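Questions regarding the structure given below will be posed in turn.
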Amino acid sequence: MNIKKKIDNGEFTNRELVEWLDSNNPTILYSLITTIVNKGIKDTAITDKLLSLSNKLDNENKVLGYYKIGHLAMSALLKLGIDSDVVFARDLDSFEKEITLKFLNDNDW
């Protein structure tokens with residue numbers, strides 16, 4: 001069974017989620033991130049991976065319009081209750097923060 005089907009069917013372990021977060025496929029990453037938020041998974045290894053993914057703000061990491069994997073990861077961390085000082089610890093410009101908060105507030109997760 002492929003990763004997308006496993007995600008959609010909820011047939012995964014936290015260890016698999018951590019491994020799959022290394023994917024370069026934006027569709028898979030989007031599915032993973034939304035699943036993590038929807039299931040409220042706060043595993044330390046997963047939040048560490050999301051923090052790492054929050055750096056993916058280059059054009060090659062586009063998912064939807066202006067949104068990039070990094071915006072989704074930061075929004076997910078905020079939704080999971082990670083402190084904004086941690087999520088926005090690195091120096092982001094106001095546009096990147098605004099886009100992250102817009103994604104957070106505009107989605108039902």
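The values are calculated or read from the model by the stated rules, or taken from the named source; none is laboratory data. Keep in mind that this is a model prediction, so the values were computed, not measured. Positions of Cβ are backbone-derived with ideal geometry, glycine not excepted, and every protein chain shown enters the neighbour counts.
Counting residues that are over 23 Å from Asp108 (Cα atoms), free of Cβ contacts under 8 Å to residues at least 40 places away in the same chain and in contact with a Leu (Cβ under 9 Å, 6 or more places away or on another chain), which helices (runs of 4 or more DSSP H) fully inside segment 1-97 reach at least 2?
44-53
Determine whether Leu17 is among the aliphatic types (A, V, I, L, M) and under 22 Å from Lys97 (Cα atoms).
Working: among the aliphatic types (A, V, I, L, M): yes; under 22 Å from Lys97 (Cα atoms): no.
Criteria not met by Leu17.
May I ask you to list the residues in segment 33-85 that are surrounded by 12 or more Cβ atoms within 10 Å (Cβ to Cβ) and among the β-branched types (Val, Ile, Thr)?
Once the filter is applied, which keeps residues that are surrounded by 12 or more Cβ atoms within 10 Å (Cβ to Cβ) and among the β-branched types (Val, Ile, Thr), segment 33-85 yields Ile33, Thr34, Thr35, Ile36, Val37, Ile41, Ile46, Thr47, Val63, Ile69, Ile82.
When you check Leu101 against the structure, is it of a type outside the set (Phe, Trp, Tyr), at pLDDT 95 or above, within 11 Å of the chain's Cα centre (by Cα) and at negative phi, yes or no?
On the way: of a type outside the set (Phe, Trp, Tyr): yes; at pLDDT 95 or above: yes; within 11 Å of the chain's Cα centre (by Cα): no; at negative phi: yes.
For Leu101, the condition - of a type outside the set (Phe, Trp, Tyr), at pLDDT 95 or above, within 11 Å of the chain's Cα centre (by Cα) and at negative phi - is not met.
Can you tell me which residues in segment 22-32 are farther than 18 Å from Thr100 by Cβ and surrounded by 18 or more Cβ atoms within 10 Å (Cβ to Cβ)? If you could, list the steps in order and put the result at the bottom.
Initial filter on segment 22-32 (farther than 18 Å from Thr100 by Cβ): 22-25, 27-28, 31.
Within segment 22-32, just Ser31 meets the criteria.
Return the total of residues in segment 21-40 being of a type outside the set (Gly, Ala, Ser) and more than 12 Å from the chain's Cα centre (by Cα). Step through it out loud before you land on a result.
Filtering segment 21-40 down to residues of a type outside the set (Gly, Ala, Ser) leaves 21-22, 24-30, 32-39.
Checking the rest, the ones that are also more than 12 Å from the chain's Cα centre (by Cα) come to 24-25, 39.
Qualifying residue count, segment 21-40: 3.
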